[in-house]
1. Tally time: how many residues in the range 273-294 are hydrophobic (A, V, I, L, M, F, W, C), in a helix (DSSP H, G or I) and in contact (Cβ under 8 Å) with a residue 60 or more places away in the chain?
2. When residues of the range 410-431 are filtered for being away from the ligand (no atom under 13 Å from the Cβ) and over 18 Å from the mean Cα position of the chain (by Cα), how many remain?
3. Which residue, of Gly394, Gly447, is within 15 Å of the ligand (Cβ to nearest atom) and small (Gly, Ala, Ser)?
4. Filter the range 299-344 for residues that are assigned to a loop (DSSP other than H, G, I, E, B) and either under 25 Å from Ala119 (Cα atoms) or touching a residue at least 40 places away in the same chain (Cβ under 8 Å) (or both) and give the result.
5. Can you tell me which residue within the range 513-547, out of those that are surrounded by fewer than 20 Cβ atoms within 10 Å (Cβ to Cβ) and at pLDDT 90 or above, is farthest from the ligand (Cβ to nearest atom)?
6. What about Ala434, is it among the small types (Gly, Ala, Ser), crowded, with 16+ Cβ neighbours inside 10 Å and away from the ligand (no atom under 14 Å from the Cβ)?
7. Condition first: surrounded by 21 or more Cβ atoms within 10 Å (Cβ to Cβ), free of Cβ contacts under 8 Å to residues at least 60 places away in the same chain, within 20 Å of Gln154 (Cα to Cα) and of a type in the set (A, V, I, L, M). Can you find one or more residues in the range 221-240 that meet it?
8. What pairs can you find where one residue is in the range 417-433 and free of Cβ contacts under 8 Å to residues at least 12 places away in the same chain, the other is open to solvent by 10 Å² or more (accessible area, probe 1.4 Å) and more than 6 Å from the ligand (Cβ to nearest atom), and their Cβ atoms are less than 6 Å apart, with a gap of 6+ or different chains?
Amino acid sequence: MALVPLRPGRAACRLLPLLCGGARSKGASLSPGAPGRLGQRRYKKDVLPSPDRPAPSVSITEIRQYLRAQDIPFHDGYSCLHTPSLFTGDRGDQPLSAAPFTLFIDKTTGSFLCTATLAEGTWQDFQANVEMRHRGITPIPPASSEEMEEEMQQAREDARCIWERALPLWELLDEKETKETKALFGISQVSNATLKRFGVRYLRTARSLVFPWFSPQDATLKGLKLVRVEKKGGTITYVEETLPRFDSYRNLFGLSLIGRRDTELVLTAWELDALALHQAAGVASVALPRGASCLPPTLLPYLERFKRITLWLGEDLRSWEAAKLFARKLSLKRCSLVRPGNLQPRPLEALNQGLNVTKILRSALLASHKSIVSFRQLREEVFGELVNTEQVSGVKWARFPELNKLLKGHRRGELTIFTGPTGSGKTTFISEYALDLCMQGVCTLWGSFEINNVRLAKIMLTQFAGRRLEDQLELYDEWADRFEELPLYFMTFHGQQNIKTVIDTMQHAVYMYDITHVVVDNLQFMMGHEHISVDRLAAQDYIVGAFRKFATDNMCHITLIIHPRKEDDEKELQTASIFGSAKVSWARASQEADNVLILQDRKLVTGPGKRYLQVSKNRFDGDVGIFPLEFSKASLSFSSSKTKVRLKKMKEEKEILANKIVEGGSGASKKP
Ligand SMILES: Nc1ncnc2c1ncn2[C@@H]1O[C@H](COP(=O)(O)OP(=O)(O)OP(=O)(O)O)[C@@H](O)[C@H]1O
């Protein structure tokens, strides 16, 4: 039986209002704070800084120099610099060094967080607070906006209400119910003592496990996570919901149970894995709030005290890739990684299978790597790829099975170039292609320079809902609520941009939101004025090269839309046309791209909406080809119903065939 943890937010659960009798808290919104108010400048969840008002970046050297110049003592930590807090209530005339070192400055962004008061803000906010101290004004912990406070308060209230209704799992009325519930969640091996230690409860009405979030400051309940099981066919899916909602849910589950003197930690991607690890190996373990999809930088200060961190995020390749990226944020030198594999499944599974968890932990690989590696270091990686061929091929599109056949999937670290005639529907198609992946948990960043974000979001929302919302406005909120939960972010650039600014913003987004897919629409908008004097083709090469490097360095997929040069009407677009006729230039760009996709609107056109998609380069396994696309104007969708029907039929046929094989006892076994 395949276990597929559903990406947070995919299935919106609407049970909270029923439980608490009131409107469900919408959770904290991350809208930008009022300019000038200290510590309140938060980026809206889905929008990154605009080039008109960029947050000035700061280097670690500048931060160190500033602290020294201001006589502020600091310790050099792993991801942060630790300084005395400006906000813990001391008076401005007392030496700062007397204050506890609870203020953490992120070495990458300069943002700060005081773990004692939860005051947070940008590097500029920090400097402003230091200035205030100099002038004898006691810095006040920055308050959140009223709206946000209200929402957090409401979420706390809802959480408390649910928490009180939930029962400790080991105290359900009859033993049979306890046994069945444990079996349902695959935790029959987890002891009552472990469940008790972690405070896991069960909410009968929602058939959900409840994991609490206690404040590290005063141990009060700040929120919670509900997990329920959904069974579809042979697949079990875990559906999660949090209070407050995912953006503001920053619980490192299990952290409050770890002793002050503990210096080693195992980081997992699931609450039940943290339980299993503690029980099986007695180690300090915590779970990330959003699984392996991201490690928000605001959590880094809480992990600073650990000298050694082992990342054991899951059993699939995506978890392995995420672990490698998270280790960079945490500082490679203190991190080890548990490689996924048949004998190293996720911790709960290891406990269930009676594997030696301590031994698996001991075999974790050091994350620090040298730039020159021997085959000895690579052989395990190569083996992993051979064992996991399905996963190596990447995330499959749900709406474009034909694309899966050719490209096999969407993989990290690749560069895809996408082109097609003017007005042929490039943006519309790529919007759906990216949305499809995003709905499967691929953290996506859009750089739409040609059409503004409102128009783009409207296209995406229509594709998401699969209908014209103009005609059913009463459904807008429901779809918009679900859409908002997607791990989707937009750059606020519009019009011509400097490639360096764009790359800097992408870098920031990768660090902050663990972006694994960036869509850039389109390259022509980076051919800024500064390039006019130089050779345009050389400029294109430079830009494509910069994106290529970014994709590789950040293990991030980039889909780059490029306008073709004008073609003879009769001719289909050829890959060479992307870069003009200069063969030399094309050779370079062709080398850089892993995939080249062309939206054709010639030849196969039999109706107004007909297009076809041509895969003309595929570095992964070389398959190239074309397939027709149906277009539905109502849903702005290219995923034809015919394809879906055909896929369903194929699936049914496969199942019948598989059953026949099993019944016929041909020796073939069905993988659980
Ligand atoms: N297959 C199709 N049939 C008919 N109309 C389509 C089709 N695909 C997209 N459209 C419509 O055509 C218009 C242009 O689409 P879109 O902006 O996606 O094209 P584009 O190729 O990105 O354009 P440009 O070359 O200007 O960047 C939109 O109104 C869109 O809804």
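The values are calculated or read from the model by the stated rules, or taken from the named source; none is laboratory data. Source: prediction; values computed, not measured. Here the Cβ positions follow ideal geometry from the backbone for every residue, glycine too, while neighbour counts run over all protein chains shown. Heads up: the accessible areas ignore ligands, DNA and RNA and are worked out on the full protein's heavy atoms, side chains in. Shrake-Rupley method; radii C 1.70, N 1.55, O 1.52, S 1.80 Å.
1. Residues meeting the conditions: 6.
2. 3
3. Gly447
4. Selection gives Glu304, Arg305, Phe306, Lys307, Leu313, Gly314, Asp316, Ser331, Arg339, Pro340, Asn342.
5. Once the filter is applied, the top-ranked residue is Gly545.
6. Against the criterion (among the small types (Gly, Ala, Ser), crowded, with 16+ Cβ neighbours inside 10 Å and away from the ligand (no atom under 14 Å from the Cβ)), Ala434 does not qualify.
7. No.
8. Short answer, once both residue conditions are applied: none.
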